[in-house]
1. Based only on Cα atoms, what Rg/Rh ratio does region 232-421 have, Rh being taken as Kirkwood's radius?
2. Given the options MET101, MET382, MET178, which has the most mean-square fluctuation in a GNM of the chain, springs set between C-alpha atoms less than 10 angstrom apart?
3. What lysines does LYS136 reach when the alpha-carbon gap must be under 18 Å and sequence neighbours fewer than 8 apart in one chain are set aside?
4. Would you compute, from DSSP H runs of 4+ residues alone, the mean residue ellipticity of the chain at 222 nm, taking -39500 (n - 2.57) per run and dividing by the full residue count, rounded to the nearest 500?
5. How do the peptides 112-120, 368-376 rank, highest first, by the average count of neighbouring beta carbon atoms within 10 Å per residue?
6. Return MET412, MET205, MET286 ranked ascending by Cβ neighbour count within 10 Å, so the fewest neighbours appear first.
7. Give me the one-decimal Kirkwood hydrodynamic radius in Å for region 101-159, with the sum taken over alpha-carbon pairs.
8. Using only the Cα atoms of the chain, each taken as one equal point scatterer with no solvent, compute I(q) by the Debye sum, divide by I(0), and report log10 of the ratio at q = 0.06, 0.09 Å⁻¹.
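Laboratory data are not the source of any read-out in this text; all were calculated from the coordinates shown. Keep in mind that this is a model prediction, so the values were computed, not measured. Here the Cβ positions follow ideal geometry from the backbone for every residue, glycine too, while neighbour counts run over all protein chains shown.
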Amino acid sequence: MNKLPVVERRYLVAFALTATLFFAWGLASQFNDLLLHHFQKALDISRTRASLTQFAFYIGYFCAPLPAAMIIRRIGYKKTIIIGLALYAIGAFLFVPAAHMRVYWIFLAALYIIAIGAGFLETSANPYITILGDPKTASPRLNFAQAFNGVATVLGPLVGGYVIFSGVEYTPDRIAAMTPQAVDAWRAGEAATVGPPYLVLGVLMVVIASAIALTKYPPLRSDVTPEGSGSPFQVLRHRRVRYAVLAQFFYVGAQVGTWSLLVDFAHEAANVPERVGAQVYLEATMIAFCVGRFFGAWLQRYIDPARQLMLYCACNAVLCTAAATLGGQASLIALVATSFFMSVMFPTIFALGLEKLGHETEFASSFIVMAISGAAVIPPLMAFVADHTGALHWSLFLLVFCYLVVLGFAWMAPKLGHAET
């Protein structure tokens, strides 16, 4: 379909530096998933209390986009990106004293600040990539940049699991037999393991921020918008934006719901041990997602992005139905395969939602990033269905519904005007 260069030579340096941000916030998300289990052991807290790590993270993502969009309008994309990196670094550095003192609220505050920084990065980097070149190549360009986020989904669990988890596990009976001093020393050692990796993350953010600050970013349309251009909510008068927010909400909910329940589903459907489910099938899911991102970005040079999105949603609706009904190994393979097709959905929805919005791009971007809060709604709904039916496979029909919503957006996108209400 499209033989124009996805990234023009004059924008190559700016694109490469901005693409590193997609890896950065992907790594934060993957590390956050590991903390949910680690804090139960290191801080001796319940699963329910440990789940506040996810709440703190996603509430930060929800709070950040609108302020970020307002800042973009005043000072531009580049400076907003640097602010996001600075916030990310501050949050990461807070893990060092938190690990030393073993104070849970400091960890939560650190995660919230990291998420605020990541929210600034997403709100600025996603639209910046779409306008960094010809509008006709916006979707494949954003898919290519988002592929680096896919790399983080593969490396995050491997690297994070290696540096955070000590491998020292004690049964409740063994802990009960230990002296209080020995138990405290063990938990202190476990808590200390999160300090160094987050210290490295913080330093990495400072390095990236310095590189961006010293690099001349090309001036682009909509980079700084004059003040007094109206309420941020005015952008929601566009049907394209409203439907993109709705589609992104259900897509992110489906993605996180699939990944968070995969290990349990592997055990239920195919009697796969938890460790094998995590090490083999969950990692296979992440690899499929990463490969799908690169392949999808390449494919969008030859196929209309909306048509590709519609086709991929149809594939995932069929695969989720198969996973819910087949049982055994076949159902597990079907669910793993959905990650390949879901890989292009976030950036493609994003690019389609921002088409030809001009000076309203920043606010539209902020609302689409806020739709990441779907991750706080769909997975609990899936868990509720599973608990009340006694079987996880029934909850997969919620995923079918999610993909049908996104398919509807993909079908309507070419018909939606850019200024219709």
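1. A ratio of 1.00.
2. In this elastic network of the chain, the residue with the biggest mean-square fluctuation among MET101, MET382, MET178 is MET178.
3. The reachable lysines, counting only those whose Cα sits under 18 Å from LYS136, are LYS3, LYS356, LYS415.
4. Counting only the DSSP helices, I get -24500 deg cm²/dmol.
5. Top to bottom by mean Cβ count within 10 Å: 112-120, 368-376.
6. In increasing order of surrounding Cβ atoms, one gets MET412, MET286, MET205.
7. 13.7
8. Once normalised to I(0) and log-transformed, intensities are -0.24, -0.55.
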